[in-house]
Amino acid sequence: MRNFLFISLLALSATAHAALPISAADTASALELAKASGCLSCHSPTEKIVGPAYFKVAEKYEHESDAVDTLMHSVQYGSKGKWGRIPMPPHMDMAADDIRLLARWILSIEKPQ
Ligand code: HEC
């Protein structure tokens, strides 16, 4: 019985939510930060602009345990060749905590209905 419960819990946590959860307060700060940092001139949560839609980024990395670090690295040092032919410029002057918040927010964004 105990095993059964454990296995059901495991199954639930594996299927319940693909995107990583984030608090409403962090979501609000991340959105402001993304605007202030110019991210939203190339990205939208739901549509491809110059860079990929953020929900697509969340989908691509949903099974990767080091997704936050991967995205932080791409934002800080720039990224090319992962999504298409246009590269993302580096953001070397941003604080690591700010980049982490943006990465966590992006990974929390779900596919639009
Ligand atoms: C000048 C346009 C531009 C700006 C500004 C920009 N990006 Fe990007 N971003 C891109 C492009 C283009 C790609 C795809 C790069 C590739 O193919 O590897 C990308 C990719 C990404 C990815 C996916 C990286 C990966 O490893 O798969 C993330 C996350 C991201 N951007 C977040 C941000 C954040 C956060 C900011 C603001 C701090 C930002 N971007 C600003 C154009 C931009």
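The values are calculated or read from the model by the stated rules, or taken from the named source; none is laboratory data. Bear in mind the structure is a predicted one, so any value in this text is a computation, not a measurement. Please note: Cβ atoms are built from the backbone with ideal geometry, for glycine as well, and neighbour counts cover all protein chains shown. For the accessible areas, the whole protein counts, side chains as well, though only heavy atoms, and no ligand, DNA or RNA atoms are used. Shrake-Rupley method; radii C 1.70, N 1.55, O 1.52, S 1.80 Å.
Mind ranking 51-63, 77-89 by how tightly packed they are, going by the mean number of other C-beta atoms within 10 angstrom, highest first?
On the way: 51-63: 18.1, 77-89: 12.4.
With the highest mean Cβ count within 10 Å placed first, the list reads 51-63, 77-89.
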Inset, instruction - Find out how many positive minus negative residues lie around Glu59, taking Lys and Arg as positive, Asp and Glu as negative, among other residues whose Cβ is under 15 Å from that of Glu59. - result: +1
Legend entry - Proximal aspartates and glutamates relative to Lys48, as straight alpha-carbon distance under 16 Å, when same-chain residues fewer than 8 apart are discounted: Glu59, Glu110
Legend entry - Under the Karplus curve 6.51 cos²θ - 1.76 cosθ + 1.60, θ = phi - 60°, whole-Hz ³J(HN,Hα) for the range 32-37, x wherever Gly or Pro sits: 4, 5, 5, 5, 5, 8
Legend entry - Solvent exposure of the range 9-113 as accessible area per residue, Å², 1.4 Å probe: 65
